[in-house]
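Notes to accompany the following structure.
Please treat every number below as a calculation from the coordinates, not as lab data. Note that the structure is predicted; figures quoted are calculated from it, not measured. Cβ atoms come from the backbone with ideal geometry, glycine included; neighbour counts cover every protein chain shown.
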Amino acid sequence: MRNIFVLDEITANKIAAGEVVERPASVVKELVENALDAGSTQIRIDIAEGGAKSIKITDNGAGISPGDVQLAFQRHATSKITDASDLDTIGTLGFRGEALPSIAAVSRVTMATRTSDEIAGRKIEIHGGKEINFQEAGCPVGTSILVEDLFFNTPARKKHMKSLNVEAGHISDIVGRLAMACSEVSFQLTNNGRQVLQTPGNGNNIEAIAAVYGLETARQMIELNYQDEFLKIKGYLAKPVVSRSNRNHQSLYINKRFIRSRLISDAVEEGYHTLCNIGRHPLVIINFAMNPQLVDVNVHPTKMEVRFSNESELYTTISKVVRETLLGGEIIPDISIPAKKKPPKTEYVQEKIVISAPTVREHKPEIYQEVEKREMPQVSAAVGEEPTVTENLPYMEPIGQIDATYIVAKGESGMYMIDQHAAHERVLYEKFMNRQEEIMAQELLMPVTLELTGLETQFLVNNILIFTDLGFKLEHFGGNTFLIRAVPQLLPGQDEKRFFMDLLDTLSGEKKTLTTSEIRENMLTTMACKAAIKANHRLSLVEMEELIHRLGETKNPYTCPHGRPTIIHMSSYELEKKFKRVM
Ligand code: ADP
Ligand code: MG
């Protein structure tokens, strides 16, 4: 055993840098956060070669007074907290006093800074943790810091850097996240002299989001606002059609600090449940303003992980608020470019479309029979008469079908296309959900024999009560053999065995253990899908109208239970644009 030494400061800083400064993007994050803490309204970030060659951050914040400049580069030197009790009430992004010394330990740093009280500023140069130069210098109020040759003295770290494009991508990602949280600050990012991102800094959140994700995505955002005594949530939820294949596009902030939180992401996705396709993830930007005492941001050196004091309450609140916001907002996917000015009214040519082919009603009477019996309002409407106005959908009136699959309807603002299968699925799904008492068992004349695998048997035995609840009567015949003696009444004329096996497959294939309500829901989704009118079926205008009407009665008419859209819209303005009547 060797003797114990206390590490010298440079070595200690290099070690700390290993935690704080993972890659060029972490340098940018720390320095931009410093600029924000200093109250800047304009922050400019210029990088060269993905930040590996140089990173320059210029701000117009408070600056550092001459006596504090050298101190700022010492370990645990911070102006933001004075003792441990302040940790409970952190209102700034920084507080550990580690970033500047860590960055300076693994690069060549030049900083120029001036406060408004001083006539001249100060310039300091530190290479690999060693002060090279410190002098008076003329500079504007604020701080500019140049970081060159990152990791020049830590070859192992340098080797870990990915391609310059990848590193540049990480930088633009983090700048975008910070910019969306602080729309009152103007951000500008260039790489090798080329502009990558610029936000106006006018306090308009949607404009900041547009700068990052583009105008089209920004237009598909629904605003979320919520407040209780502990929590204030403000955010933007993308309509389900904008979903992404991973969670990277979920920007979550606690008191404007960008964080990652499995808990919050899960809660948000719970709120989107059945609206987003399975395997897709919503795009959201949400800030949670809460008492700093209820959240611990000092869990990890990069301050990206947080711990909450009341996790389950938080989860419930978030998923509920997200859901309510989505259901309240118009989540109809808009394929049009919204008009800047009010679109002119369009005159429609009224055409009667006569469909002579057999309709679904004649073709598959069982689909409509059961429904008609109890809830079809008497439809007397003929084409053109009373328009179909339903509670949760804009006015629309069917004019025909395309490919016997999509209903075309006209409305006050242009044209709608409705996927008849998806729409009917939504109608049936909500009906099944609402009328679970009516899912009664119907005895089969001949029991159906099922041969299962050991795994399926196990799953079935464990969950047999849920299946019974849903209207199946099952009998264990011995070994892996079961008999189906009854099926849910709502299952109209299906191949019972196949339906049951499909259901069992989906359920037992799930990696996580499903709760009773998840199994029930999964089953109702499958039942709705099986029972819904299919694509390639002709419908009469009355049937189309009826379907639209019933879709409008659902709580969530814009997506099917799997999350696919039921309706798309093309506005009159967009039609006029396409025909070049307007420019
Ligand atoms: P922390 O942000 O955790 O306090 P840093 O090492 O990032 O630690 O910064 C140390 C100190 O230097 C800060 O507390 C702040 O007083 C000062 N500082 C750093 N960057 C800036 C800046 N851009 N403008 C004004 N002050 C700054
Ligand atoms: Mg800092």
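Numbers below:
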| item | result |
| --- | --- |
| Exposure proxy ranking, count of Cβ atoms within 10 Å, fewest first, for VAL28, VAL241 | VAL241, VAL28 |
| ASP403 versus ASN3: modelled label distance in nm, points set 7 Å from Cα along the beta carbon direction | 8.2 nm |
| Order of CYS182, CYS529 under a 10 Å beta carbon neighbour criterion, fewest first | CYS529, CYS182 |
| Integer Hz, Karplus 6.51/-1.76/1.60 couplings in order for segment 399-405, x for Gly and Pro | 10, x, 10, 10, 6, 6, 10 |
| Fewest-first ranking of GLU574, GLU443, using other Cβ atoms within 10 Å as the exposure measure | GLU443, GLU574 |
| DSSP-defined beta bridges in segment 205-307 - what % are antiparallel, rounded to 5 | 75 percent |
| Estimated translational D of segment 122-167 in µm²/s (Stokes, Kirkwood radius over Cα pairs; 37 °C; 0.692 mPa s) | 251 µm²/s |
| Segment 391-500: Cα Rg divided by the 2.2 N^0.38 Å rule of thumb | 1.51 |
| Under the Debye formula (equal points on every Cα, no solvent term), log10 I(q)/I(0) of segment 18-75 at q = 0.12, 0.13, 0.14 Å⁻¹ | -0.32, -0.38, -0.44 |
| Segment GLU49-PHE152, extension gain: residue separation times 0.36 nm, minus the distance between their alpha carbons | 35.6 nm |
| Among SER54, PHE73, ALA84 the positive-end extreme of the charge dipole of segment 25-97 (Cβ point charges) | SER54 |
| Over segment 171-238, volume per residue of the alpha carbon convex hull, in Å³ | 87 Å³ |
| Amide H contacts under 5 Å for ARG244, placed H, 5+ residues apart | HIS281, LEU283 |
| Calculated diffusion of segment 44-142, Stokes-Einstein form, Kirkwood radius summed over Cα pairs, 4 °C and 1.567 mPa s, µm²/s | 89 µm²/s |
